[in-house]
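The values are calculated or read from the model by the stated rules, or taken from the named source; none is laboratory data. Bear in mind the structure is a predicted one, so any value in this text is a computation, not a measurement. All Cβ positions, glycine included, derive from the backbone under ideal geometry; neighbour counts span all protein chains shown. Accessible surface is based on the protein model in full, side chains and every heavy atom, while ligands, DNA and RNA are left aside. Shrake-Rupley method; radii C 1.70, N 1.55, O 1.52, S 1.80 Å.
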Amino acid sequence: VQLVESGGGLVQAGASLRLSCAASGRTFSWYNLAWFRQAPGKEREFVATISLTGGTTRLADSVKGRFTISLDNAKNTVYLQMDSLQPEDTAVYYCALRPGGVSESITLYSTWGQGTQVTVSS
């Protein structure tokens, strides 16, 4: 399975972006896909996760109320809608896949995309 992220860019504070993560290859409904992000000089951190049934989602407290994760099964694509972006959201955003239930633990994800840069100016 390969993951390809897209949709990053440079925006001003308060703007919106939608990131996409397209999965190619075989996945199963019991898989789980997550978004993580890594800011310069910081550790990679959990942002959001969704089961590939779409029935379970989880968001980091720092993005609740601003970010939404969703799934298009027909396109094998997961989206991260990011609204009210703030400079502290600046990071490289990665999607990752794992077999099993939703998890915020980075160590449980074995398949990663190449990342997409999101930069929010003040």
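Which condition number in (1) open to solvent by 60 Å² or more (accessible area, probe 1.4 Å); (2) farther than 12 Å from CYS95 by Cβ is the one that VAL1 fails?
Of the numbered conditions (1) open to solvent by 60 Å² or more (accessible area, probe 1.4 Å); (2) farther than 12 Å from CYS95 by Cβ, the odd one out for VAL1 is (2).
Could you check region 41-102 for strands (runs of 3 or more DSSP E) lying wholly inside it with 3 or more residues that are closer than 15 Å to GLY8 by Cβ?
77-82, 91-99
Are there any pairs with C-beta distances below 8 angstrom linking a residue in region 61-80 that is over 16 Å from LEU3 (Cβ atoms) to a residue that is at pLDDT below 95 and open to solvent by 40 Å² or more (accessible area, probe 1.4 Å), with the two at least 6 apart or on different chains, and if so which?
So the pair list comes out empty.
Counting only residues that are at pLDDT 95 or above and either among the charged types (D, E, K, R) or open to solvent by 40 Å² or more (accessible area, probe 1.4 Å) (or both), how many does region 65-99 have? It would help to see each step written out before you state the result.
In the first step, residues of region 65-99 are kept if they are at pLDDT 95 or above; the result is 65-69, 79-96.
Keeping just the survivors that are either among the charged types (D, E, K, R) or open to solvent by 40 Å² or more (accessible area, probe 1.4 Å) (or both) gives 65-66, 68, 81, 83-84, 86-89.
Result for region 65-99: 10.
Condition check: within 12 Å of the chain's Cα centre (by Cα), more than 14 Å from VAL1 (Cβ to Cβ) and part of a loop (DSSP other than H, G, I, E, B). Does VAL118 satisfy that?
So VAL118 does not fit the description; no.
For ALA15, all conditions in the list (1) outside any strand (DSSP E or B); (2) loosely packed, with under 14 Cβ neighbours inside 10 Å hold save one; what is the number of the exception?
Of the numbered conditions (1) outside any strand (DSSP E or B); (2) loosely packed, with under 14 Cβ neighbours inside 10 Å, the odd one out for ALA15 is (2).
Give me the pairs: first residue in region 98-120 and on the phi > 0 side of the Ramachandran plot and in contact (Cβ under 8 Å) with a residue 60 or more places away in the chain, second residue open to solvent by 20 Å² or more (accessible area, probe 1.4 Å) and assigned to a loop (DSSP other than H, G, I, E, B), beta-carbon distance under 7 Å, and six or more apart or on different chains, which are they?
Final answer for the pair search is GLY100/TRP30.
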